[in-house]
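Data first, discussion second: the structure below is written as structure tokens.
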């Protein structure tokens with residue numbers, strides 16, 4: 001995942017520059033304390049420039065959430081479905097990573113932490129729920145495609161691809177929430193448990 005971490009390097013255009021500034025302002029202040037003024041300060045731009053592109057903080061953050069979702073989707077789709085076991089393992093390795101915990105958070109971990117922080121807005125906001133529903137379905141579809149390929153190759157058992165993908169999504173999201181909100185998580189044990197599940201229920205020996 002490190003090869004595709006956003007917010008590194010020079011932005012390609014104004015929109016991407018604003019996404020970069022939002023990332024660093026959100027990292028410093030968090031969702032509750034974030035404001036258009038603080039984002040504009042991060043970018044060394046006037047507030048009027050941001051209002052030219054977005055109607056306000058919520059509009060900007062929805063666009064930023066879309067940007068994060070696009071990045072995560074590109075990562076999930078980057079693995080070769082012709083190597084289904086590796087593709088599934090790569091997704092698990094990226095999310096079962098102690099570098100997302102608060103004290104050890106890496107650049108990749110910060111991206112995932114912001115995803116969790118913004119995803120939580122869906123509790124009250126239908127606009128976030130709509131985006132999450134679509135993103136989750138794309139993830140499930142991608143993982144189901146990988147599983148179907150594995151079944152066709154004879155390296156996966158004849159499971160129900162979408163049900164298995166839905167289960168993996170639920171497990172990985174649960175671990176991701178724990179990892180971004182707790183000081184420590186037993187990643188090695190969780191990784192071993194999930195690997196044992198895959199070996200018993202999905203992979204063909």
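Read the figures in this text as sums done on the coordinates, not as results from a lab. Source: prediction; values computed, not measured. Every residue, glycine as well, gets a Cβ built from its backbone with ideal geometry; the counts of neighbours run over all protein chains shown.
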* Might you check whether a residue that is under 21 Å from the mean Cα position of the chain (by Cα), at positive phi and surrounded by 14 or more Cβ atoms within 10 Å (Cβ to Cβ) occurs anywhere in region 11-21? => no
* **Residue identified as over 30 Å from residue 32 (Cα atoms) and either in contact with a strand residue (DSSP E or B) (Cβ under 9 Å, 6 or more places away or on another chain) or part of a helix (DSSP H, G or I) (or both) among 199, 137** => 199
* Asked: Among the residues of region 100-109, is any within 19 Å of residue 169 (Cα to Cα) and free of Cβ contacts under 8 Å to residues at least 60 places away in the same chain?
  -> no
* Matching residues in region 116-127 - criterion: being surrounded by fewer than 19 Cβ atoms within 10 Å (Cβ to Cβ) and part of a helix (DSSP H, G or I) -> 116, 117, 120, 121, 122, 123, 126, 127
* Asked: Applying the selection to region 152-162, what residues are surrounded by fewer than 18 Cβ atoms within 10 Å (Cβ to Cβ) and on the phi < 0 side of the Ramachandran plot?
  -> 152, 153, 155, 157, 158, 159, 160, 162
* When you go through 200, 165 one by one, which is the residue that is surrounded by 12 or more Cβ atoms within 10 Å (Cβ to Cβ) and more than 30 Å from residue 58 (Cβ to Cβ)? -> 165
* **Tabulated pairs, region 46-59, first touching a residue at least 24 places away in the same chain (Cβ under 8 Å), second surrounded by fewer than 11 Cβ atoms within 10 Å (Cβ to Cβ), C-beta under 8 angstrom, 6+ apart or interchain** => none
* In region 23-110, which helices (runs of 4 or more DSSP H) lie fully inside it and hold 3 or more residues that are on the phi < 0 side of the Ramachandran plot and crowded, with 19+ Cβ neighbours inside 10 Å? -> 36-43, 57-78, 84-95
* Inside region 149-163, can you point out the residues that are over 12 Å from residue 88 (Cβ atoms), free of Cβ contacts under 8 Å to residues at least 60 places away in the same chain and assigned to a helix (DSSP H, G or I)? -> 151, 152, 162, 163
* Structure fact -> Pairs returned, first residue in region 12-24 that is more than 13 Å from residue 114 (Cβ to Cβ), second residue that is outside any helix (DSSP H, G or I), beta-carbon separation under 6 angstrom, 6 or more apart or interchain, are 17/11
* Would you be able to say whether some residue in region 169-191 is in a helix (DSSP H, G or I), in contact with a strand residue (DSSP E or B) (Cβ under 6 Å, 6 or more places away or on another chain) and touching a residue at least 60 places away in the same chain (Cβ under 8 Å)? => no
